[in-house]
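The values are calculated or read from the model by the stated rules, or taken from the named source; none is laboratory data. This one's a predicted model, so the numbers in the text were calculated from it and none came from an experiment. FYI the Cβ positions are ideal-geometry reconstructions off the backbone, even for glycines, and counts take in every protein chain you see. The area values use the complete protein model at the heavy-atom level, side chains included, leaving out ligands, DNA and RNA. Shrake-Rupley method; radii C 1.70, N 1.55, O 1.52, S 1.80 Å.
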Amino acid sequence: MKKTIILILAALALFQAPRAMAQEADASFAVFTPITRYLAQGDVNALSSWFADNLDITVISTTRNCSRNQAIQILHTFFRSYTPRSFEVSHRASEGNKKYLVGILNAGGEMFEVTIYATAAEGETYKIQQFGISRQTAVY
C-alpha cells in the first residue's frame, strides 16, 4: 500500500513538473501580454509606452531609426490603412534581459509578420528596441 502511494505521488510530480516549467516560461514572457493586446487592437498610443526613446522600426519595406514620437506617427499611418482584426504569437525567445517575439497580424484583409525585440536594463521594465511589420509571403 505504501509503495503504491509513493508511486502515485511520484507520477503526479512528473506530470506537474512540465506544467510548472511551462507556467514559469509563460511568466517570463508576461511583458508581451499587453503588447500583443495593443497590437490586436491597433492601439498605438498604449503600444508606444513600451517603446525605447529611439528604436528601429520597419513597416512593410521602409526601415528607420527614429524617436518614439516618429514611430507613433508611422504606426498610426499603418493602422489607418490596415485595420487590425487579430494578432497571434507564433514564436517567443529570450536570453538574459532580451526578449524576442514573432507573430502574425491580421489587418486590412492581409496577413503581416510582426517581429519585436525588447531589452531591459537591470531592475527596469522592458522597452522595445526593434519593431517590424512585413507582409507575410505565401509558402507553398
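Residues in region 57-96 that are touching a Phe, Trp or Tyr at 6+ places or on another chain (Cβ under 6 Å) and free of Cβ contacts under 8 Å to residues at least 12 places away in the same chain: Ala93 alone.
Scanning region 70-112 for residues that are of a type outside the set (A, V, I, L, M), part of a strand (DSSP E or B) and open to solvent by less than 70 Å² (accessible area, probe 1.4 Å) yields a total of 9.
Looking at Thr36, Thr115, Thr58, Thr63, which is the one that is open to solvent by 60 Å² or more (accessible area, probe 1.4 Å) and either within 15 Å of the chain's Cα centre (by Cα) or not small (Gly, Ala, Ser) (or both)? Only one candidate qualifies: Thr63. Restricting attention to region 118-137, the residues that are free of Cβ contacts under 8 Å to residues at least 40 places away in the same chain and open to solvent by 70 Å² or more (accessible area, probe 1.4 Å) add up to 5. Please indicate, with yes or no, whether at least one residue in region 40-51 is part of a strand (DSSP E or B) and within 19 Å of the chain's Cα centre (by Cα). Yes: one or more hits.
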